Amino acid sequence: MHHGKQGNLSDDAVRAAQETIERVQNFERRMNGQTGDAKLEETKARVASFLEAFDKALDDNLNVSAALGALHDFMTDINRFEPGNEGAKAAIEAIGHADEALGIIPPAEDTMAGVDPAEIEALIEQRKIARKERRFADADAIRNELKERGVLLEDGPQGTTWRIV
């Protein structure tokens, strides 16, 4: 929403805000799983471009919609780019800059209350073994247990990731 426009806090707007928060948290989780450092300089250039677009939007009469658009574009670009460990740290720092300006991302411990990441990772490993041994009912039971606890598993080419829903 642009600073000069009247806001309308609808159910859709609240859902969109929650989706943005979840997307940023998932982005940070994926970045924390990056390895290698081959793309650090390219990532720094992408970070600089994002920060310029983000700050320019906020300088334009606090155009939050454009700033959030820059944030979404940046996360999409970096997710596809796979920046490596050091590049991921730079990307997370850039997200931190955005949050300092907007203050919309709750601390990770707020969304992780009652969730033990080590326990989730152990269950994911058990599920992986069950799938490898073709015990699909056991693997599905683990997925369902985690889902009931508010943990969504996402299987991808680089393995299984998880997020709080």
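Any idea which residue in the range 99-124 is nearest to Lys56 (Cα to Cα), counting only those that are among the small types (Gly, Ala, Ser) and modelled with pLDDT under 90?
The selected residue is Ala101.
So is Glu52 modelled with pLDDT of 85 or more, more than 23 Å from Arg163 (Cβ to Cβ), open to solvent by 80 Å² or more (accessible area, probe 1.4 Å) and assigned to a helix (DSSP H, G or I) or not?
Yes.
With the structure loaded, tell me whether Ala88 is under 20 Å from Glu19 (Cβ atoms), in contact with a helix residue (DSSP H, G or I) (Cβ under 8 Å, 6 or more places away or on another chain) and either in a helix (DSSP H, G or I) or open to solvent by 20 Å² or more (accessible area, probe 1.4 Å) (or both) or whether it fails that test.
Answer is no for this residue.
Any idea which residue in the range 18-43 is most open to solvent (accessible area, probe 1.4 Å), counting only those that are aliphatic (A, V, I, L, M) and at pLDDT 80 or above?
The selected residue is Leu40.
When both residues are 6+ apart or on different chains and their Cβ atoms are under 6 Å apart, which pairs have a first residue that lies in the range 125-141 and is of a type in the set (A, V, I, L, M, F, W, C), and a second that is open to solvent by 80 Å² or more (accessible area, probe 1.4 Å) and outside any loop (DSSP other than H, G, I, E, B)?
Final answer for the pair search is Ala139/Arg131.
Looking at the range 91-102, which of its residues are among the aliphatic types (A, V, I, L, M), open to solvent by 20 Å² or more (accessible area, probe 1.4 Å) and under 17 Å from Ser49 (Cβ atoms)?
Answer for the range 91-102, where residues must be among the aliphatic types (A, V, I, L, M), open to solvent by 20 Å² or more (accessible area, probe 1.4 Å) and under 17 Å from Ser49 (Cβ atoms): Ile92, Ala101.
Right, Val115: out of contact with any helix residue (DSSP H, G or I) (no Cβ under 9 Å at 6 or more places or on another chain) and within 26 Å of Gly156 (Cβ to Cβ) or not?
For Val115, the condition - out of contact with any helix residue (DSSP H, G or I) (no Cβ under 9 Å at 6 or more places or on another chain) and within 26 Å of Gly156 (Cβ to Cβ) - is met.
So Asp73 fits all but one of (1) at pLDDT below 90; (2) charged (D, E, K, R); (3) in a helix (DSSP H, G or I); what number is the exception?
Asp73 satisfies every listed condition except (1).
(1) surrounded by fewer than 15 Cβ atoms within 10 Å (Cβ to Cβ); (2) farther than 21 Å from Glu86 by Cα: which one isn't true of Ala57, the others all being true?
Going through the list (1) surrounded by fewer than 15 Cβ atoms within 10 Å (Cβ to Cβ); (2) farther than 21 Å from Glu86 by Cα, Ala57 breaks only (1).
Only one of these is within 21 Å of Asp155 (Cα to Cα), open to solvent by 60 Å² or more (accessible area, probe 1.4 Å) and modelled with pLDDT of 85 or more: Arg46, Arg127, Arg80. Name it.
Arg80
The values are calculated or read from the model by the stated rules, or taken from the named source; none is laboratory data. Remember, it's a predicted structure, so these values are computed and weren't measured experimentally. FYI the Cβ positions are ideal-geometry reconstructions off the backbone, even for glycines, and counts take in every protein chain you see. Just so you know, the surface numbers come from the protein's heavy atoms only, side chains and all, with ligands and any DNA or RNA stripped out. Shrake-Rupley method; radii C 1.70, N 1.55, O 1.52, S 1.80 Å.
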